[in-house]
Amino acid sequence: MPQYKLCYFNLRGWAEPARQLFKLAHVEFEDVRIENGTPEWEALKPKTPFGQLPFLTVDGFEIPQSAAILRYLGRKFGYAGKTPEEEAWVDAIVDQFKDFVTPLRQIIMAQRGGDAAEIQRVKTEVFEPARDGFFKILNGILEKSQSGFLVGNSVTWADLVIADIITTMEKLGVFDVAAEGNKKLVQFREKVNAIPEIKEHNETRPDSVRQDEKKITIGVCSYLYLRMAEYKFYYFNGRGLGDVSRQLFALSGTKFEDVRIEQADWPAQKAKMPFGQMPVLELKSSGLQIPQSMAIARYLANKFGYAGKTPEEAALADALIDQFKDFYTEIKPYYYGKLGAMQTDTEVEKTKTLIPARDKFLAILVKFLKSSNSGFLFSGGLTYADLMICDNMRSLIGWWPEYLNGFPEIKAWYDKVDSIPEIRKHLDSHEDKGF
């Protein structure tokens, strides 16, 4: 039996669903709780894999990032979904939740600031539209569910995440349990919390609110599934967060219908998509549609053998993707300014946001490359993590050719990935319209 140690702050936060998974599986683990802002945490921080919590130790092997931990345990204990398609939908739901948390955090921070006008502005312009959209998606899923859970016929780690955030929102005063439109969500939470192991755990845990300022990053790790299928991939006519899925098709030699939608045609297509956004992967044989870019990429990576050669490599690939998403969020003022989606001074933001975020993120990648004997991020070979991070770098290098100066290991790795024949052929066959 492996020895597990989960290290997190002394609150529910982003480690709580992992604790619940241990309880559901009746697996013993060491629950190490650190007080935030203490000398103990400051001493531990530089020793953690990514300089943050939580991290899980399995017989001495460290896995960082809450999402990577959840998916690793979900797969180990049987709470990740019963099929690869269910696993992908679990991932998509939690990724959609992650999209919602950014506006949730904004209203919380506005409330803390105490400026009534700013609170009203954020509430009206940012929070309420995001909340209503997110709840509409959840209610739609629950309307179709025959089990009362979000995916399939039994509880998954997605149920644990969503049920716990509903409790957090209630405690923060931004979820009205009495509202007519929230009845299904309240019933769903009650169903999850009535599971005997969850009920026992919740009744004995410290009642602390989720740490709302912790960055939320959710991803997926599912197992290889060999059933043949025909694919239809919907995305804009550019690279974006969807091109890694196209690259995975190219690497595996799998034919797919590449539906590229121009911006002018998008409004007419939006309502047809599961979450009202793209990319979306459709399995022609069943008509099943899988939303969310990371859910799709991980589903295909597992199908085609690019998710990591072992469960531990897969978990770390997931963790690196989550860390990449943290980096992507940090550099938005620069990145979106370059894309014309935000009005920012990109030269100022390059110094203020891009360079510090780059230095921190690339230092993490260097550690992985030095411990790998394959020239890729993991010794087992190329993974979708290599593809995703390198594809983002293509845009950054295009805007700032000196982006990788001072990082020779990263430059060699980037060139190695960029020169893979299938990747090069795919990129050369389409006009580069950006990440």
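The values are calculated or read from the model by the stated rules, or taken from the named source; none is laboratory data. Quick caveat, the model's predicted, so the values are computed rather than measured. Using ideal geometry, Cβ is built from the backbone for each residue, glycine included, and neighbour counts are taken over all protein chains shown.
Assorted remarks:
- Candidates ASP59, ASP115, ASP99, ASP91: the one that is on the phi > 0 side of the Ramachandran plot and charged (D, E, K, R) is ASP59.
- PHE327 fulfils the conditions (1) outside the structural domain of ASN392 (by TED's automatic domain parsing); (2) within 16 Å of the chain's Cα centre (by Cα) except for a single criterion, (1).
- Helices (runs of 4 or more DSSP H) (entirely within segment 192-283) containing at least 2 residues that are modelled with pLDDT of 90 or more and in contact with a helix residue (DSSP H, G or I) (Cβ under 8 Å, 6 or more places away or on another chain): 196-204, 243-252
- Test: residue in segment 66-74 that is over 23 Å from ILE195 (Cβ atoms) and touching a Lys or Arg at 6+ places or on another chain (Cβ under 8 Å): no
- Residue tally, condition over 21 Å from GLY133 (Cβ atoms), aliphatic (A, V, I, L, M) and in contact with a Lys or Arg (Cβ under 6 Å, 6 or more places away or on another chain), over segment 145-181: 0
- For the residues ALA341, ALA363, ALA412, the requirement of being hydrophobic (A, V, I, L, M, F, W, C), surrounded by fewer than 20 Cβ atoms within 10 Å (Cβ to Cβ) and assigned to a loop (DSSP other than H, G, I, E, B) singles out ALA341.
- Top-ranked residue of segment 100-151 - restricted to ones that are assigned to a helix (DSSP H, G or I) and among the aromatic types (Phe, Trp, Tyr), ranked as nearest to MET273 (Cα to Cα): PHE134
So that you can scan it fast, the table gives a plain yes or no per residue for (1) in a loop (DSSP other than H, G, I, E, B); (2) of a type outside the set (A, V, I, L, M); (3) outside the structural domain of ILE195 (by TED's automatic domain parsing); (4) closer than 20 Å to THR156 by Cα:
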site: TRP14; (1), (2), (3), (4): no, yes, yes, yes
site: GLN20; (1), (2), (3), (4): no, yes, yes, yes
site: VAL27; (1), (2), (3), (4): yes, no, yes, yes
site: ARG33; (1), (2), (3), (4): no, yes, yes, no
site: TRP41; (1), (2), (3), (4): no, yes, yes, no
site: GLN52; (1), (2), (3), (4): yes, yes, yes, no
site: LEU56; (1), (2), (3), (4): no, no, yes, yes
site: ILE69; (1), (2), (3), (4): no, no, yes, yes
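- Among the residues here, TYR403 qualifies as surrounded by 19 or more Cβ atoms within 10 Å (Cβ to Cβ), more than 26 Å from ALA67 (Cα to Cα) and of a type in the set (Phe, Trp, Tyr).
- Single unsatisfied condition, ALA15 versus (1) within 19 Å of the chain's Cα centre (by Cα); (2) surrounded by fewer than 19 Cβ atoms within 10 Å (Cβ to Cβ): (2)
- Any hit, segment 314-330, residues being surrounded by fewer than 22 Cβ atoms within 10 Å (Cβ to Cβ) and part of a loop (DSSP other than H, G, I, E, B): no
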